[in-house]
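K.L.:
My questions will all concern the structure given below.
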Amino acid sequence: MVRGGPKRVDVGVPDELERLWTPHRMAYISGDTAPRDGYDSPTGCPFCRAPELSDEDGLIVARGKRVYAVLNRFPYNPGHLLINPYRHVADYPDLDEAETLELAQMTQVAMTVIRKVSSPAGFNLGMNQGAVAGAGIAAHLHQHIVPRWAGDTNFMPVIGRTKTLPQLLGETRRLLAEAWPDQPRPAGRRRTTRASTQEAPAAKASPRSRTTATRRRTS
């Protein structure tokens, strides 16, 4: 429909359909978030940088000794977790025995926690090994844990190539982290919390208060 001469064009006709705009996903589609040198180097790898941030900023749900659980920034479903080794390693057979065991154990804990928080009907678990297999960041191994519900695949992803997510990532991270069971924190990779910055120095605390402070840090 042309109005006001050939240079003006009004595109689109009003209808009864509603639009769901998700412009934030263009960063993922266009690859704007990728470093210039790619992800091969640990300095450009988001899975190497995430543990250096606070849990809230890095979207980290739980930290183990050799692996950690983090929310996918571009999730397929709410609660979509990634289990990553701290070590910058690409291939599953390159994990050592301790890393392999802890990755498997954290996967089991993650499934238990997600069931407690959001009651999914099932899960997709898996790794994409190599770019040709669909790995967006092939240089750093990561295992996907995707909770599934009946009917969660509908016309939006099939026709519109869009996933509707009813929960913000920060809220999802908080719910999962609060439901995660207590665990020892690895040296140098403590959670950054307000409570930890307000505790009295250990040297001035009694043995009983030190135990209480330790429990607070690990809760």
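Every number in this text was worked out from the coordinates using simple rules, so none of it is lab data. Everything numeric in this text was worked out from a predicted model, so none of it was measured. All Cβ positions, glycine included, derive from the backbone under ideal geometry; neighbour counts span all protein chains shown.
K.L.:
Show the residues, 5+ positions off or on another chain, whose built amide H is closer than 5 Å to the amide H of Tyr68.
P.N.:
Result for Tyr68 returns Asn84, Tyr86.
K.L.:
Note down the net charge around Leu95, summing +1 for each Lys or Arg and -1 for each Asp or Glu among other residues with Cβ under 14 Å from its Cβ.
P.N.:
Around Leu95, the surrounding residues sum to -3.
K.L.:
What ranking of Val67, Val132, Val146 emerges when the number of other C-beta atoms within 10 Å of each C-beta is taken as an exposure proxy, fewest first?
P.N.:
Val132, Val146, Val67
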